[in-house]
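One structure is given here, and the rest of the page talks about it.
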Amino acid sequence: MLTPAPPPTRSALFLGFLGVGVCGFGGVLPWARRMIVDQRRWLSATEFTDLLGLCQFLPGPNVINVSVALGSRFHGVSGAAAAFCGLLFAPMAIVISLGALYLRYGGHPTVRHAFAGLAAAASGLVLATALKITAPLRTNPVGLAIAAVTLAAIAVARLPLPLVLAVMAPLSILLTMRIGR
């Protein structure tokens, strides 16, 4: 097992999340996990999964919540601001530029086909990331059961997300406390 890296500086947080924002355009969670866990070793896989779980319950995009929580963990408000700004700077500039181009060329058949291909690739990326995020749960039967029931409630039974979260969050906490991790 790799030892954790020393705490990142504010500039390392900014540059790390700037790279995530550029490389992970359209789906930054896989890139964020790779940078935080695999490359920079700021968190272990389990710590990342726990942090992501917390951030999914907060309002707003998950990866933004992760950047703010991670930056805050290491440097308080200034670290949160550095990570947040790093994550959003490049994508914001790219989106504004692409929006202008799409206004001009969006009706072209080649552009429509390109977007269809991008959607398929993005779906595969999301599925691959989901498998990586569940890795710490492989030895945790309680966690796997909670994940399976939550997935079934949302994807199969099509229950509303707020209802599922309101039931599954306290249930998962209770089960984890009683049965163990």
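For segment 9-58, a residue qualifies if it is modelled with pLDDT of 90 or more and outside any helix (DSSP H, G or I), and the qualifying residues are Thr9, Arg40, Arg41, Trp42, Leu43, Ser44. Looking at the structure I just gave you, is Ile133 touching a residue at least 40 places away in the same chain (Cβ under 8 Å) and on the phi < 0 side of the Ramachandran plot? Criteria met by Ile133. In this entry, Ser78 is excluded by the filter for residues that are touching a residue at least 40 places away in the same chain (Cβ under 8 Å), touching a Leu at 6+ places or on another chain (Cβ under 6 Å) and not basic (Lys, Arg).
Let's see how each residue does on (1) of a type in the set (A, V, I, L, M); (2) surrounded by 14 or more Cβ atoms within 10 Å (Cβ to Cβ):
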{"residue": "Pro91", "(1), (2)": "no, yes"}
{"residue": "Leu103", "(1), (2)": "yes, no"}
{"residue": "Pro109", "(1), (2)": "no, no"}
{"residue": "Arg112", "(1), (2)": "no, no"}
{"residue": "Gly117", "(1), (2)": "no, no"}
{"residue": "Ala122", "(1), (2)": "yes, no"}
{"residue": "Thr139", "(1), (2)": "no, no"}
{"residue": "Leu151", "(1), (2)": "yes, no"}
{"residue": "Leu163", "(1), (2)": "yes, no"}
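Taken together, the criteria place Val77 among residues that are closer than 30 Å to Pro7 by Cα, at pLDDT 90 or above and assigned to a helix (DSSP H, G or I).
Conditions tested, residue by residue: (1) of a type in the set (Phe, Trp, Tyr); (2) touching a His at 6+ places or on another chain (Cβ under 7 Å); (3) outside the structural domain of Met35 (by TED's automatic domain parsing).
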position	(1), (2), (3)
Gly107	no, no, no
Thr110	no, no, no
Phe115	yes, no, no
Ala121	no, no, no
Ala130	no, no, no
Leu144	no, no, yes
Ala147	no, no, yes
Ala153	no, no, yes
Val156	no, no, yes
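Just for segment 49-84: of the residues that are among the polar types (S, T, N, Q) and farther than 19 Å from Leu165 by Cα, which one is surrounded by the fewest Cβ atoms within 10 Å (Cβ to Cβ)?
The selected residue is Ser78.
Answer with yes or no whether Pro7 is loosely packed, with under 14 Cβ neighbours inside 10 Å and touching a Phe, Trp or Tyr at 6+ places or on another chain (Cβ under 9 Å). Yes. A count restricted to segment 105-141 and to residues that are over 17 Å from Gly27 (Cβ atoms) and part of a helix (DSSP H, G or I) stands at 12. Hey, does segment 158-171 have a residue that's β-branched (Val, Ile, Thr) and under 25 Å from Pro30 (Cβ atoms)? Within segment 158-171, one or more residues are β-branched (Val, Ile, Thr) and under 25 Å from Pro30 (Cβ atoms).
The values are calculated or read from the model by the stated rules, or taken from the named source; none is laboratory data. Everything quoted here is computed from the prediction, not taken from an experiment. Cβ: placed from backbone, ideal geometry, glycine included. Neighbour counts: every protein chain shown.
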